[in-house]
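**Student:** Shown below is the structure under consideration.
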Amino acid sequence: MLRKAGVYGDPNRAHNERKLEITYLREKVGQLETELHSLQEHSISSTPSAWGEFAAREKSKREESERENVRLKLILASQIKVAKSLEAILLKRAQQQIAECSASIQRSVDVACPSGRTLDFRADASDFQELLEYLNATYREVDSVLASNGLAWMETTQQDVQMREGVGGMYLEVFSNKIMPFGLHATAEATWNYFKGSKKHRGTLYAKAAQNLDTPYTIIEHFSKELVAGNSSTDVRIKQIVRRYVEADREVVVWVASIEPVDMTQKPFGGFKSRHRNYAVIKRARASTPQHELSLLQLVSHGMLDTQAGTMYDPKYVRALTDFLLNDAARNIKADQQLIENVLMDQMLRP
């Protein structure tokens, strides 16, 4: 009667409660171990993700090279026959071009030789004084440029193209942000070696002179080349200065250029000059650790037309030239990034 009324209660109640508590704690421990394992896997896999992209690209490059080798072997036999028949003709033509180019140099240093001929001359630093001032102003504005387009805080891989309005009017902006699975100093050194060299000059170079100034990490260049963007092309003369700035927590490569067409009558390019300022900023990524170094390669390109006050310009030609400059800048930034990556990969694989 007392047991039925609940006076004595369940004699196994305490034992059952302990069993339930032990079961709950075991389940909780299992849940926490699962969460810990997941976090450890995420931490380990987050860094190699940057390598995955490089590995996939290298595999694609190898496969493409293998296909190209097969194609070249198939046409090699016929190409040898053609080469032998053309050898005498090309030799004669080369001799004629050398004679004509020598005569052109004597008449005027400013005359651009046809494709395949080289002009070798020293650029006078005084001719670049205005460009040097533009270079210094461009470097002073690097932080405001990175803040305005968001690169100052960006840690993800991204590329963008847009029109902006500045103090001097409208200008084109192309930028890219890339996480590199290499340390800051290795990426910075590869970037400087690339931009101080000749690989950055894509297209047909007609004439080129480069000169190192007394200022460390500074190069001035004066060259003529063919610019190609889409279905359009034009021959231009370019004056350019490239300089490297080494800071405490980052490195910056700045290059500025003035471009004018060789043929001032060619439409839509004739009569238009353009100014360009470009940045390559290399800094340590926030996710970088001593065991897994990561860096950010940030490329920015600004291009603007030099127009004269009071001059009327055909909107059709302005639009065509703007599209041309935009396509050329976007193509250059993509190629610059790719070639810098190739330099780093070659350095890593070098025995």
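The values are calculated or read from the model by the stated rules, or taken from the named source; none is laboratory data. Just so we're clear, the structure is a prediction, and the values are computed from it rather than from any experiment. For neighbour counting, all protein chains shown are included, and Cβ atoms are generated from backbone atoms with ideal geometry for every residue, glycine included.
**Student:** Restricting attention to segment 155-182, and to residues there that are assigned to a loop (DSSP other than H, G, I, E, B) and free of Cβ contacts under 8 Å to residues at least 24 places away in the same chain, which single residue is surrounded by the most Cβ atoms within 10 Å (Cβ to Cβ)?
**Tutor:** This residue is 157.
**Student:** Given (1) of a type in the set (D, E, K, R); (2) under 17 Å from residue 298 (Cα atoms); (3) modelled with pLDDT under 85; (4) assigned to a strand (DSSP E or B), where does residue 243 come up short, assuming only one miss?
**Tutor:** (3)
**Student:** Based on what the data block shows, is residue 234 farther than 18 Å from residue 299 by Cβ, at pLDDT below 75 and surrounded by 15 or more Cβ atoms within 10 Å (Cβ to Cβ)?
**Tutor:** Taking the combined requirement at face value, the residue satisfies it.
**Student:** If you take the residues in segment 295-321 that are touching a strand residue (DSSP E or B) at 6+ places or on another chain (Cβ under 6 Å) and at pLDDT below 90, which one is nearest to residue 245 (Cα to Cα)?
**Tutor:** 303
**Student:** Now a separate question. Return yes or no: is residue 328 at pLDDT 85 or above, touching a strand residue (DSSP E or B) at 6+ places or on another chain (Cβ under 8 Å) and either at positive phi or part of a helix (DSSP H, G or I) (or both)?
**Tutor:** Considered against the rule, which asks whether it is at pLDDT 85 or above, touching a strand residue (DSSP E or B) at 6+ places or on another chain (Cβ under 8 Å) and either at positive phi or part of a helix (DSSP H, G or I) (or both), residue 328 comes out as no.
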